[in-house]
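Notes follow the structure.
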């Protein structure tokens, strides 16, 4: 990443920072952080937060920390940590210093919990989780004090120490902040700040059997790191008073401020880690990095580029108004990127044999085609023309409809970059299926148009012998409904698109792609943009369809 690649300044967060800098706040520093919970893979919504936090630090010459908020060891794993680190780096960002963990601060957080007890602002509650919910009240009714709320400082200190020593079972008691059970903001009604969890932690091992809550950990971790602008999504807006209460009531070394922005919601998908995990666990998709998933690793495997995702996040802007972004905007971002940067090639996805009867057996003629029609710097590619070719099955019609612009009996078409050929005979198998077309080529049409007839369009092709075996995986929307969560009568997974993946196991691509590297991207002419999948082998390449040449989904939906 360079400074010129950072996100543009037209967002309200940057306006706030501009004013802070004008007033000389925070010593002129800008320190942000990206604080994922390592309980799943990151998705496109997290990409917006990554671009905002890291891009903001880059814009203002500041720093951005990568800190895992790892307060729930039962749902966290090293696999998720490794994937998140990989995703952030792949998007083109680097964090300040070492990777940080909230668990790095567990000792300090424990001391601050004791400080709150000593100040009479925290107590050990022996209510059950069910009883706590009953005492908490509702949005329309105030809560009521726990019968354990007035325990003495000494008793609370002793009980909290026993919690730390593992003397209680999970759920037997919890440490709560003493704030206001009648507050209109439910988050302020004596929130739990420490729970008992007899669980092994991926960073701290078995040192702790009590773990701080996310709300208690988040702001204090920001303060310990000197974060100036703690940026999060709008669902944390109601948590901000609690964030500020802890900062105001603890001897923290800094005074970070929390700001909320609208999260990214895409249609035809879900961006809840819980729901994405359900899709993985139930086998609805083939893992977190399935190319149909909105995860960053899934988008990467499908063929999206870091630049396309950063540009998409820039396009949608940073506001405080929630809304739904059309999937077409994301697809437009990758089309724009790959149109300029992806070399061209030909691939026949559903092959039909085309025999050139006037081409001698064993003879090869090489055509030289541009690697990119608008970028001479990409050079050229060489494509072999032989007697036995393959064309797309859908490019032939025995009884062509009106305005048909492809191959038909007696009709001529140009092979892209090659000769004009005319179909002379249709060969069928014993079941009556078309298995071969026989045609002749016009030697006078190499690099020139015929003078006495007009070809009926242009089609792509490859040599049957001198081409690469590949499987093509074509992807569509993961859900059939624009808002899978919108139906109160049916669960989201009932809208999974049964045709979201179509396999073409017998495709053939240009010979020049034989050693194509994993994640290399191409425009298959007349087909769309494709990416080499990690499942590729020396015997067979696997290509994932990233996106078509145009938004065909929008046309389907409008019919």
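What follows is calculated from the coordinates using simple rules that are stated; it is not laboratory data. All of these numbers come straight from a predicted model, not from anything done at the bench. Note that each Cβ is placed from the backbone with ideal geometry, even for glycine, and that neighbours are counted across all protein chains shown.
Sorted from fewest to most neighbouring beta carbons within 10 Å, what does the list 216, 441 look like? Walk me through the numbers on the way to the answer.
Numbers: 216 27, 441 21.
The most exposed by this proxy come first: 441, 216.
Based only on other Cβ atoms within 10 Å, what is the fewest-to-most ordering of 427, 247, 309, 31? Kindly include the intermediate steps, with their values, before the conclusion.
Working: 427 12, 247 18, 309 25, 31 22.
Ranked by crowding around the Cβ, least crowded first: 427, 247, 31, 309.
What ranking do 139-151, 518-530 get when scored by the average of other Cβ atoms within 10 Å per residue, highest first? Present the calculation step by step, with values, prior to reporting the outcome.
Values: 139-151: 13.5, 518-530: 20.8.
In decreasing order of mean packing, 139-151, 518-530 become 518-530, 139-151.
Viscosity 1.002 mPa s, temperature 20 °C: Stokes-Einstein D of region 106-213 from its Kirkwood Cα radius, in µm² per second? Please report the intermediate quantities before stating the final value.
Numbers: Rh = 14.2 Å.
D = 151 µm²/s.
Send over the per residue convex hull volume for region 263-408, Cα only, as a whole number of Å³.
On the way: hull volume 29.5 nm³, N = 146.
Looking at region 263-408, the number lands at 202 Å³ per residue.
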Placing each pseudo-label 7 Å from Cα in the direction of the beta carbon, residue 248 and residue 446 end up separated by a distance in nanometres of 8.4 nm
Extension length gain for residue 428 and residue 204 (0.36 nm per residue less Cα distance), in nm, is 73.7 nm
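Evaluate 2.2 N^0.38 Å with N set to the residue count of region 167-235, then give the Cα radius of gyration divided by it. Present the calculation step by step, with values, prior to reporting the outcome.
Values: Rg = 14.6 Å, N = 69, 2.2 N^0.38 = 11.0 Å.
Relative to the 2.2 N^0.38 Å estimate, region 167-235 comes out at 1.33.
With both partners inside the chain, how many of the DSSP beta bridges are antiparallel, as a percent to the nearest 5?
Among the beta bridges of the chain, antiparallel pairing accounts for roughly 70 percent.
How high is the relative contact order of region 106-213, in percent, with contacts defined as C-alpha pairs under 8 Å that are six or more residues apart?
Over region 106-213, the number comes to 27 percent.
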Ordering 463-469, 281-287, 61-67, 300-306 by per-residue average of other C-beta atoms within 10 angstrom, highest first, gives 300-306, 61-67, 463-469, 281-287
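Per the helix-only calculation at 222 nm, which mean residue ellipticity applies to the chain, given -39500 (n - 2.57) for every DSSP H run of n ≥ 4 and division by its residues, nearest 500 deg cm²/dmol? Spell out each step's value before the answer.
On the way: 13 runs with 143 residues, N = 559.
Result for the chain: -7500 deg cm²/dmol, rounded to the nearest 500.
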Of all DSSP beta bridges with both partners in region 344-558, the antiparallel percent, nearest 5, is 75 percent
Here the averaged projected area of region 344-558, based on the convex hull of its alpha-carbon atoms and given in nm², is 15.7 nm²
Here the relative contact order (percent) of the chain, from C-alpha pairs under 8 Å and at least 6 apart, is 12 percent
Quick calc: nm separation of the 7 Å Cα→Cβ label points for residue 502 and residue 324 -> 2.5 nm
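Contour minus end-to-end for residue 482 and residue 139, with contour as 0.36 nm per residue of separation and end-to-end as the Cα-Cα distance?
Details: separation 343, 0.36 × 343 = 123.48 nm, distance 3.07 nm.
So the extension gain works out to 120.4 nm.
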Normalised Cα Rg of region 10-77, dividing by 2.2 N^0.38 Å with N its residue count, works out at 1.31
Each label sits 7 Å from Cα toward the beta-carbon; between residue 167 and residue 465 the label points are separated, in nm, by 8.6 nm
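Could you work out the relative contact order of region 344-558? I mean the mean sequence separation of Cα pairs under 8 Å and 6+ apart, divided by the number of residues, in percent. Don't skip to the answer; put the middle values down first.
Values: 463 pairs, mean separation 46.3, N = 215.
Relative contact order for region 344-558 comes out at 22 percent.
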With 0.36 nm assigned to each residue of separation and the Cα-Cα distance removed, residue 282 to residue 262 gains 4.2 nm
Expressed to two decimals, region 194-322 has a Cα Rg over Rh, using the Kirkwood radius, of 1.04
